[in-house]
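Okay, structure first, notes after.
Coordinate-derived values only; no laboratory data. Fair warning: this is a prediction, and the values are worked out from it, not measured in the lab.
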Amino acid sequence: MKDPYPCVSPEHISSLKPGEIFVFGSNLQGMHAGGAARVAYEKFGAVMGQGVGLQGQSYAIPTMQGGVETIRPYVDQFTDFARQHPELKFLVTRIGCGIAGFRDSEIAPLFCEARKLDNVWLPKTFWDCLGNI
């Protein structure tokens, strides 16, 4: 059966094509020591000490500074950035759903606007949550 969602990011991303950006959850200090942040640092150009924004072939969204509402402004900033860069394809990981400890149902709604962009690919678990919104 064909997936009902148009742009689903792969569950595990180990390589990127030119123009693809790995979107991961970070901390404001940019200490990319674990989870997807470590992958971003080791493989996709994330910069130690930079906790927000584009770095190499990766884009950091802080998720470790408080509750879900503290993440929203950074997701909105990401959405604006993606809108301004239609030439790039953003592969969003399950930001905030690993080390930060949030549930998909808490984080996915933050991507309501981003899901409207053809160049933003979301995890299937986010799409499953957004299908009800």
Within the chain, helix-based [θ] at 222 nm, where runs of 4 or more DSSP H residues each add -39,500 (n - 2.57), nearest 500: -8000 deg cm²/dmol
From Cα pairs below 8 angstrom and at least 6 apart in sequence, can you work out the relative contact order of the chain, rounded to a whole percent? 28
Which whole-Hz couplings ³J(HN,Hα) result when phi for each residue of the range 99-106 is put into the Karplus expression 6.51 cos²θ - 1.76 cosθ + 1.60, θ = phi - 60°, listed in order with x for Gly and Pro? 4, 5, x, 7, 8, 3, 5, 8
The range 118-125 - phi-based ³J(HN,Hα) in whole Hz, Karplus 6.51/-1.76/1.60, Gly and Pro as x: 5, 9, 10, 9, 10, x, 4, 4
Explain nothing, just compute: Karplus ³J(HN,Hα) = 6.51 cos²θ - 1.76 cosθ + 1.60, θ = phi - 60°, for every residue of the range 32-41 in order, whole Hz, x for Gly and Pro. 8, 8, x, x, 5, 5, 5, 4, 4, 5
Semi-axes in Å, largest first, for the chain (Cα gyration tensor, √(5λ)) are 20, 17, 14
So what's the gap between the Cα centers of the range 48-63 and the range 81-118, to the nearest angstrom? 13
